[in-house]
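The values are calculated or read from the model by the stated rules, or taken from the named source; none is laboratory data. Everything quoted here is computed from the prediction, not taken from an experiment. No Cβ is skipped: glycine too gets one built from the backbone with ideal geometry, and neighbour counts run over all protein chains shown. Keep in mind that these areas ignore ligands, DNA and RNA; they rest on the heavy atoms of the full protein, side chains included. Shrake-Rupley method; radii C 1.70, N 1.55, O 1.52, S 1.80 Å.
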Amino acid sequence: MTAVTVLDSTALNRATLARQHLLARADISVPEAVAHLCGLQAQEPQEPFVGLWSRLVRFDPVELDAALTGRAVVRTHLMRRTVHLVTADDALAWRSRHDAMLRQRATSAYRRELAGIDLDELAAAGRAVMADARARTMAELVAGVEDRWPGRPRRALGELLIAGLVPMAQLPPRGLWRVRAGVRNLPLATWLGRDVDPLPADADDPVGQRLVRRYLAAHGPAAPADLRAWCGLAGLPAAVKAVREELVSFRDARGRELLDLPDAPRPDPDTPAPVRFLPAFDNAILGYRDRGRIIDDAHLGLSVAGHRAVLVDGRVAATWTVREERLRVSPLRPLSPAEREAVHAEGRELAAFLDAGMEDVPAE
């Protein structure tokens, strides 16, 4: 019997950094990067700019602005019912596969408030209101339907419609560089000029299969539980089973089976990892159930609380903020003089990008 290769946390770390373009910045376009990464979490509208700056050679915010206004990429609720920045093609191809999860999560959040409402009837009412192709805020959309469901909480109706029932795009100027703007929604099909792809009636789950391959290309090696944690979809066993023969298998230090694409990069664990500044809710951290490859257990709470992270030698070693036009770094462990200088050097570059000053990294 052939022994299964064990990948320790450092090997997994370097593979993750390579897939995420955090080991070396990539010289590719913004839409190409967003596609490769399977989207960027974007409920905080300015955070994707930092995520792309840390991943791309000579990133210019104008490129992301152009992709948003040109409809090559779009802001929409998708993985885990959170707002993601994804390509137009992926939004249309993946939305139907996420519908059941989005609906379930939205109804679970407001189970009592929405009891007795026919969800299909509410969805039809929402689509009818939006049929005039006019962008609306959540409040404006709810105003168009609430007479049919009097007494129901407006927030519950709105979130169910926008995040669960009707595929929507959040329109620019929200999400543009250094622009503060409220959320205005339009159906995805209207904004992109193409209908959402219907879900194929295939037990092998072809859309799920593509999600598995794309996830592994951006996040692997990983276990099916990591895949579920990333996308929020529980029903992917058929897809994993269908593609398993295409994949290679490893074990992590805990004995979990990890799957991967055979030709995907898995750098030598001794490969140097440069300092990288990550935005809030970055998928390099949140894209796994087991996040031990990149963040210590003691700091897991930071990753879900919206703290921005600094990677030192590939692992979360500090957090960072910008306050009063000054970029401040707060180490989570003692940094060596060389590490402090590397953090400061990368921080100066980021500060220049953000038009802020850089404070000295405190010694610990």
Next item on the list: Take the Cα atoms of the range 224-364, build their convex hull, and give its volume per residue in Å³.
Entry: 139 Å³
Notebook entry, point to check: Extension gain D147-R348, at 0.36 nm per residue separation less the Cα-Cα distance, in nm?
Noted result: 66.9 nm
Next item on the list: Enter the accessible area per residue of the chain (Å², integer; probe 1.4 Å; all protein chains in place).
Entry: 44 Å²
Note to self: Can you tell me what share of the DSSP beta bridges in the range 1-126 is antiparallel? A percent to the nearest 5 is fine.
What the structure shows: 90 percent
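Using the Kirkwood radius over C-alpha pairs as Rh, can you work out the diffusion coefficient of the range 254-303 via Stokes-Einstein at 4 °C, viscosity 1.567 mPa s, in µm² per second?
98 µm²/s
Can you give the Rg/Rh ratio of the range 1-124, where Rg is from the C-alpha atoms and Rh is the Kirkwood radius?
1.10
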Notebook entry, point to check: Hey, what angle do you get for helix 9-19 against the long axis of the chain, alpha-carbon based, 0 to 90 degrees rounded to 10?
Noted result: 60 degrees
Checklist line | For M168, residues with placed amide H under 5 Å, excluding near neighbours | finding: H77, L188
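Determine, from the Cβ-Cβ distance of E325 and S108 and an R0 of 56 Å, the FRET efficiency 1/(1 + (r/R0)^6), rounded to the nearest 0.05.
On the way: r = 41 Å, r/R0 = 0.73.
That gives a FRET efficiency of 0.85.
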Notebook entry, point to check: If you roll a 1.4 Å probe over the range 171-308 with all protein chains in place, what percent of the accessible area is carbon or sulfur?
Noted result: 52 percent
Check: Where both residues lie in the chain, what percent of DSSP beta bridges are antiparallel, nearest 5?
Finding: 85 percent
Next item on the list: For an R0 of 41 angstrom, estimate the FRET efficiency from the Cβ-Cβ distance between E246 and D296 and round to the nearest 0.05.
Entry: 0.75
Notebook entry, point to check: Rg and Dmax of the range 90-206, using alpha carbons, in Å: what are they?
Noted result: 14.8, 45
Next item on the list: Enumerate the whole-percent occupancy of each 10 Å bin, from 0 to the last occupied one, for all C-alpha pair distances of the range 179-241.
Entry: 18, 35, 29, 17, 1
Next item on the list: Could you compute the FRET efficiency for D60 and D89, with r as their C-beta to C-beta distance and R0 at 35 Å, rounded to 0.05?
Entry: 0.95
Item checked: Point-charge dipole on Cβ atoms (K/R +1, D/E -1) for the range 1-143, about Cα centre, debye to 20 -> 300 debye
Note to self: Give the separation of the Cα centroids, the range 46-80 to the range 155-223, in Å.
What the structure shows: 15 Å
Item checked: Residues listed by number, the range 64-80, amide nitrogen under 16 Å from E140 label point at 7 Å toward C-beta -> none
